[in-house]
Amino acid sequence: MNELNFGWEEWVSLPDLGLPAIKAKVDTGARTSALHAHDIETFGSAAKPKVRFNVHPIPGREDISITCSAPLIDRREVTSSNGESEQRLVIASTLEVGGQSWPIEITLTNRAGLTSRMLLGRQALGDHIIISPTERRLQPDLSYDVYHSAKVRHAAPVRALRIAVLSREDNYSTRRLVEAGEARGHTVEVIDTTRCYMAINSLAPEVHYDGKRLPRYDAVIPRIGASVTPYGCAVIRQF
């Protein structure tokens, strides 16, 4: 790789996550890189776990949120600069800066009170990077304007989805839906509509299943028989 000069703050891209422009603080005192994330949820099988999360890439603009998902590669105890330890989920992603890209590991955490949405630790800084701690943004500037453009949606990576199939029957067509979704890298869960009940309130309605709250789904596919259509439609409305 060609040599890159980094200041204490740089614009970077995380194309695997659909984040084309994000400001990162370069911190050689930190071993692991970190990304500000919220609504973090794990899903998928124990053999192939995944994690889904949302990112506010622009500080102070919580109305702009990018939903990301990635394979979960580790759970790691991380100690912050103030001495507090936190169990974090770890993902792998491609870091892109100045026309070059390389794989890095990223932990997911809440950085809501910090200006930088991302921290670049020394694990992500290869031998081709020279740090100038008194300088700032030595690599080409990017712009948050990209998040206001349709281009960010068109360039979004194909991410793993968490899909619910509402069906009372474990029949051939239901199994084919599950197989087709999983063959494309998604997680598909079959839910018996008649075993759902709703906790309805104006602020945070929830759907419960066998006594447990169901998670958020990216898509819901209803396959509801005529005998339970009114109740099934009520469940779909809550999703």
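The values are calculated or read from the model by the stated rules, or taken from the named source; none is laboratory data. Not measured: the values here are computed from a predicted model. Here Cβ is always computed from backbone atoms with ideal geometry, including for glycine, and neighbour counts include all displayed protein chains.
Annotations
- Residue in segment 43-64 that is under 28 Å from Arg213 (Cβ atoms), under 17 Å from the mean Cα position of the chain (by Cα) and among the acidic types (Asp, Glu) present: yes
- When each of Ser69, Ser13 is tested for being assigned to a strand (DSSP E or B), touching a helix residue (DSSP H, G or I) at 6+ places or on another chain (Cβ under 9 Å) and touching a residue at least 60 places away in the same chain (Cβ under 8 Å), the lone residue that passes is Ser69.
- Cross-chain or 6+ apart pairs with Cβ under 7 Å, segment 168-190 first and touching a residue at least 40 places away in the same chain (Cβ under 8 Å) and closer than 18 Å to Arg216 by Cα, then of a type in the set (D, E, K, R) and in a strand (DSSP E or B): Thr187/Lys50; Thr187/Arg162
- Qualifying residues in segment 78-108 (those that are in contact with a strand residue (DSSP E or B) (Cβ under 8 Å, 6 or more places away or on another chain) and modelled with pLDDT under 90) - the one surrounded by the fewest Cβ atoms within 10 Å (Cβ to Cβ): Ser85
- Which numbered condition Tyr147 fails, given (1) outside the structural domain of Gly99 (by TED's automatic domain parsing); (2) crowded, with 16+ Cβ neighbours inside 10 Å; (3) within 29 Å of Val12 (Cβ to Cβ): (1)
- Residues in segment 16-37 that are among the hydrophobic types (A, V, I, L, M, F, W, C) and either surrounded by fewer than 22 Cβ atoms within 10 Å (Cβ to Cβ) or free of Cβ contacts under 8 Å to residues at least 40 places away in the same chain (or both): 2 in all.
- Those strands (runs of 3 or more DSSP E) of segment 100-207 in which at least 1 residues are under 22 Å from the mean Cα position of the chain (by Cα), considering only elements entirely within it, cover 100-109, 118-120, 162-167, 187-191.
- Hits in segment 120-138 (condition: touching a Ser or Thr at 6+ places or on another chain (Cβ under 9 Å) and among the polar types (S, T, N, Q)): Gln123
- Remark: Glu169 falls outside the filter, which requires a residue to be at pLDDT 90 or above and surrounded by fewer than 17 Cβ atoms within 10 Å (Cβ to Cβ).
- Only one of the numbered conditions (1) modelled with pLDDT under 85; (2) of a type in the set (Ser, Thr, Tyr); (3) closer than 22 Å to Leu161 by Cα is violated by Ser202, and that is (3).
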